[in-house]
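Peer 1: Below is one structure. I have some questions about it.
Derivation of every value follows stated rules applied to the coordinates shown; laboratory data play no part. Just so it is clear, the model here is predicted, and its values are computed rather than measured. Positions of Cβ are backbone-derived with ideal geometry, glycine not excepted, and every protein chain shown enters the neighbour counts.
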Amino acid sequence: MKDLIRSLTECFGPSGHEAAVRELIRREIPRGWEARVDALGSLLVHRAPGGTGGAGGRHGGTGGTGAAAGRRIMLAAHMDEIGVVVTHVDQKGFVRFGSVGGVMQLPLLGGRVQFAGPEPNGSGGPTGVIGLEKVDDASRVPAMDKFYIDMGASSPGDCPVNVGDVACFHRSFEDLGNRLVAKAMDDRIGCAVLLQVMKELDASPNDLWLVFTVQEEVGLRGAGPSGFGIEPEIALSVDVTLTGDTPECAPMAVSLGAGPAVKIKDGGMLAHAGVKDWLFSTAQSASIPCQREVLVRGTTDATAIQVSRAGVPAGCLSIPSRYTHSPSEMVDYGDVQGAVKLLVRALSEPVELHG
Amino acid sequence: MLLQRLSEANGVSGREEAVRAILLEEIRGRVDSCRVDRMGNLIALKKGSGGSALRVLVAAHMDEVGLVITGAEDSGVLRFATVGGIDERVLPARMVWIGERRVPGVIGMKPVHLLDKGERDRVPEARQLYIDVGASGKAEAEKLAGKGETVVFATEYRTLGSPAGTGAGGDAAAGAAAASGPGAAAGGARIVQGKAFDDRAGCALLAALLTERFPFDLVAAFTVQEEVGLRGAQVAAWAEKPDAAVVLECTGANEVPSRRDLSPSTRLGAGVSITIRDASFIADPRLVQLFASTAREKNIPHQYKQPNIGGTDAGAIHRVREGVPSITLAVPARYIHSPAALMDLSDFEAAAVLVREGLERLPRAFPG
């Protein structure tokens, strides 16, 4: 699975430019699953109950007879990553930019960004260095408009980028053994988990929609419409969460290496009690270590799906991650494998939600 | 002239009736049907001539930012709150018209002689200001303006000269620069001044567009309450279920002189503005490509709005139901959301041509 994670994180895909990620994911979809792209560009991958191939439309067979009937379940991981967008090229060829998603100033300093390129995964495009105007007060974090990108140009004429072009962080994937580091782990790791679930999942009584959404980082914009189209009975996002295990960090009960985290609450959503219990009891019966997560600020696609149409019982299975929204996000490979195992087990069986 | 009538009408968010009446009168002979929905959106259908099964929504909002009367004081002055995004710095000393009767008033505050140093350095908040209609007491004030009545800036529409000044007395260098700028016509730019070009300009463009018939069904939505949260557009898009949406707007051109080499969001005279992404949505790349290539091939002056700034009805429309690929085209104007905006009619005309030519080609962008 590490190669898949490497390929996914190395793709170019800031919000609004997810096509390269989508194509890579599409090529990885195993037989028996059918994919289509919705109006905003999210990739909806479907398998009808049984596991014999996904013909049929949106409502590919829910219910059935008896108490152990299958459910229509939607899982969502987002394809997009944060980045920057060119707002101006000045007379000397320096590039001013705005944020695409939640970009913070500190991780930018001295970093490199890369614009879309000719490779199939979107890489190989022009790169630049992030610079900063002189600061009068070194004790304060400078505002975003004090930064610029140096593309090595000396005028607008020889600058390789234009207003509106977007770039992502330019940093390579590192395998530290148990720990993996890359840009865009948020949320390519979630995409990797969903693909691995597809590969490992045998028969299931459930009607499954595994969705790779667009534009999560700029406001959960792809998830709501995708959820509207699918009308799931249960929804789960698979996304990163923060940890409380680095020096002098804000307190949080989640750590790298202690397993995937079942989200209880985050900045946008209270997870459905029945969905939480479903995940906890699955973890327990399959002996998969998992953690309980409360995230103070930040949220996931599940927040948007939860309030689509007449509402959806929703929750989230999180991959703990350090240095989120920096070019070097770190996850624990054991947590990732635990997440896959837990989801495969949960989706293989009938689901009864309480509360 | 339609743009003038629209600009001078009072249509603060939530009270768009006067604007809607003008538009209904203007378009009713051009469309196959129209209706007013529960929120007050004016929605009209122009059926396609055939050849495309697409359903395309084109939207412009009828409402403008303004004020609302919150009550009268014993002294006879009226208190108010803002409706939509208004920079409070533009308020003191403004002349206004209140309500359907267009009662004239002026926004007053303490005279400068009576301000202490702290007050002089601070921007007064809306609740410290008041509207003076010349009433001698509360009863008289309430007769002139009731709670909930809306208030607009008292700006008449007019045509101005070239922005660089005219004739021999003007600054020659600036005049030359303006005359050689991208949009300047042979006789100088045609600049008009008025209130509420955001978005009466869009409404005027949409009304004119309805004289055309396209291969696909065109749903025109003159929306309400954009300025207070894109509210009408969400409802209209929900009901009409379009396959794609084009929003016609008026967008800010902040070409103020600056020491720093930073681009303005848009420029007057540089043509119709195409939004790639703003704070409310990311335009569908196929639609950006469609309108950009149409503009290039037909030599229509155009520019790209600086990314990440502002929001439009597209922000609400694109995420309705299962999503709607959307784009915003806009006419630049200086000083939007203030008493008197400036717009270049050559940009307005470029917008009219681009939206028409682009829509003609739209079925190619969404085949099948």
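Peer 1: For residue B:244, what residues show an amide H to amide H distance below 5 Å, using hydrogens built from the backbone and excluding near sequence neighbours?
Peer 2: Here the answer is B:55, B:57, since their amide H atoms fall under 5 Å of that of residue B:244.
Peer 1: Name the longest site-free stretch of chain A, where the excluded sites are trypsin sites (Lys or Arg not before Pro) in a DSSP loop with no more than 15 other beta-carbon atoms within 10 Å.
Peer 2: Value returned for the longest uninterrupted segment is A:141-296.
Peer 1: Same structure again: Taking Cα centroids, how far is the stretch A:233-267 from the stretch B:295-335 in Å?
Peer 2: Between the Cα centres of the stretch A:233-267 and the stretch B:295-335 lies a distance of 38 Å.
Peer 1: Something else about it: For the protein assembly as shown, compute Rg over Rh where Rg is the Cα radius of gyration and Rh is the Kirkwood radius from the inverse mean 1/r over Cα pairs.
Peer 2: Radius of gyration over Kirkwood radius for the protein assembly as shown works out to 1.00.
Peer 1: Across the stretch B:1-131, what fraction of all alpha-carbon pairs, as a whole percent, falls in each successive 10 Å bin from zero upward?
Peer 2: Taking every Cα pair in the stretch B:1-131, the percentages come to 10, 32, 25, 17, 10, 5, 1, 0.
Peer 1: OK, next. Using the Cβ atoms and a cut-off under 9 Å, what net charge is assigned to the surroundings of residue A:327, where Lys and Arg are +1 and Asp and Glu are -1?
Peer 2: Local charge sum for residue A:327: +2.
Peer 1: To check you understand DSSP bridge types, tell me what percent of the beta bridges within the protein assembly as shown (both residues inside) are antiparallel, rounded to 5. Don't skip to the answer; put the middle values down first.
Peer 2: Working: 80 of 126 bridges.
If I count the DSSP bridges inside the protein assembly as shown, around 65 percent turn out antiparallel.
Peer 1: A further question on this structure: Once Rh for the stretch A:83-169 is found with the Kirkwood sum over Cα pairs, what is the Stokes-Einstein diffusion coefficient at 37 °C and 0.692 mPa s, in µm²/s?
Peer 2: Numbers: Rh = 13.2 Å.
The calculation lands on 248 µm²/s.
Peer 1: Using the Karplus equation 6.51 cos²θ - 1.76 cosθ + 1.60 (θ = phi - 60°), what ³J(HN,Hα) coupling, rounded to whole Hz, does each residue of the stretch B:274-280 give in order, writing x for Gly and Pro?
Peer 2: Running phi through 6.51 cos²θ - 1.76 cosθ + 1.60 with θ = phi - 60° gives 10, 8, 8, 7, 10, 6, 9 Hz.
Peer 1: Still on this structure, I have one more. What net charge do the residues around residue B:32 carry, taking every other residue with its C-beta under 11 Å from that of residue B:32, with Lys and Arg at +1 and Asp and Glu at -1?
Peer 2: Here the charged neighbours net out to +4.
Peer 1: Note the angle between two axes, namely the Cα long axis of helix A:19-28 and the longest principal axis of the Cα atoms of chain A, as a number of degrees from 0 to 90, rounded to the nearest 10.
Peer 2: 40
Peer 1: Long-range amide H contacts for residue A:266: which residues qualify at under 5 Å (H placed 1.01 Å from N, peptide plane, sequence gap of 5 or more or a different chain)?
Peer 2: A:271, A:295
Peer 1: Relative contact order for chain B: what is it in percent, counting Cα pairs under 8 Å that are at least 6 residues apart? Each step should come with its number before you reach the end.
Peer 2: On the way: 869 pairs, mean separation 82.3, N = 368.
Contact order relative to length: 22 percent.
Peer 1: List the trypsin sites (Lys or Arg not before Pro) within the stretch B:1-50 that fall in a DSSP loop (any state other than H, G, I, E or B) and whose Cβ has at most 12 other Cβ atoms within 10 Å.
Peer 2: On the way: sites: B:5, B:15, B:20, B:28, B:30, B:35, B:38, B:46, B:47; in loops: B:15, B:28, B:30, B:38, B:47.
Sparse-neighbourhood loop trypsin sites (Lys or Arg not before Pro): B:28, B:38.
Peer 1: Measuring from a point 7 Å past the Cα of residue B:88 along Cα-to-C-beta, which residues in the stretch B:124-148 have an amide N at less than 15 Å?
Peer 2: B:124-131
Peer 1: Please figure out what share of the DSSP beta bridges in chain A is antiparallel and state it in percent, rounded to the nearest 5. Intermediate results must be reported in sequence, preceding the final value.
Peer 2: Working: 40 of 63 bridges.
Within chain A, antiparallel bridges account for around 65 percent of the total.
Peer 1: Taking beta carbons within 10 Å but only from partner chains, what does the mean come to for residues B:301-310?
Peer 2: Taking all residues of B:301-310 together, the mean is 4.
Peer 1: Ok, one more. Please report B:97, B:238 as a ranked list, fewest other C-beta atoms within 10 angstrom at the top and most at the bottom. Don't skip to the end; give the middle numbers.
Peer 2: Working: B:97 20, B:238 13.
With the fewest neighbours first, B:97, B:238 line up as B:238, B:97.
Peer 1: What percent does the relative contact order of the stretch A:83-169 come to when contacts are Cα pairs within less than 8 Å and at least six residues apart?
Peer 2: Once divided by the residue count of the stretch A:83-169, the mean separation gives 42 percent.
Peer 1: Say each of residue B:33 and residue A:119 gets a label point 7 Å from the Cα, pointing the same way as Cα to Cβ; how far apart are those two points in nm?
Peer 2: Placing both labels 7 Å beyond Cα along the Cβ direction yields 5.4 nm.
Peer 1: With viscosity set to 0.890 mPa s at 25 °C, what whole-number translational diffusion coefficient in µm²/s follows for chain A from Stokes-Einstein and a Kirkwood radius over Cα pairs?
Peer 2: 118
Peer 1: To make sure I understand, if each residue's beta carbon is the centre and we count other beta carbons within 10 Å, what order do A:307, B:133 fall in, fewest to most?
Peer 2: Starting with the residue having the fewest Cβ neighbours, the order is A:307, B:133.
Peer 1: Something else about it: What list of ³J(HN,Hα) couplings, whole Hz, do you get for the stretch B:212-222 from phi and the Karplus terms 6.51, -1.76, 1.60, once you set θ to phi - 60° and write x for glycine and proline?
Peer 2: 8, 10, 10, x, 10, 5, 10, 9, 9, 10, 8
Peer 1: I've got another one for you. Please list the non-local residues whose amide H lies under 5 Å from the amide H of residue A:329, H modeled 1.01 Å from N, same-chain partners needing a gap of 5 or more.
Peer 2: The answer is A:182, A:183, A:184, A:185.
Peer 1: Which of B:116, A:90 has the fewest other C-beta atoms within 10 Å, and how do the rest follow up to the most?
Peer 2: So the residues, fewest neighbours to most, are B:116, A:90.
Peer 1: If you wrap a convex hull around the Cα atoms of chain B, how much volume per residue is inside, in Å³?
Peer 2: Hull volume normalised by residue count: 158 Å³.
Peer 1: Apply 1/(1 + (r/R0)^6) to the Cβ-Cβ distance of residue B:74 and residue B:357, taking R0 = 60 Å, and write down the FRET efficiency to the nearest 0.05.
Peer 2: That pair, residue B:74 with residue B:357, gives E of 0.50.
Peer 1: With each pseudo-label sitting 7 Å past Cα toward Cβ, what's the residue B:127-residue A:200 distance in nm, one decimal?
Peer 2: It works out to 5.7 nm between the two label points.
Peer 1: Using the Karplus curve 6.51 cos²θ - 1.76 cosθ + 1.60 with θ = phi - 60°, what ³J(HN,Hα) values do you get for each residue of the stretch A:171-187, in whole Hz, with x for Gly and Pro?
Peer 2: Residue by residue, the stretch A:171-187 yields 8, 8, 6, 10, 9, 9, x, 7, 10, 10, 10, 6, 6, 6, 3, 8, 10 Hz.
Peer 1: Can you pull out the chymotrypsin sites (Phe, Trp or Tyr not before Pro) in the stretch A:252-355 that DSSP calls coil and that have at most 12 other Cβ atoms within 10 Å?
Peer 2: Qualifying residues, ordered by number: none.
Peer 1: Which value in deg cm²/dmol, rounded to the nearest 500, describes the helix-derived mean residue ellipticity at 222 nm for the protein assembly as shown, given -39,500 (n - 2.57) per DSSP H run of n ≥ 4 and division by the residue count?
Peer 2: On the way: 17 runs with 178 residues, N = 723.
Calculated at 222 nm, the ellipticity per residue is -7500 deg cm²/dmol.
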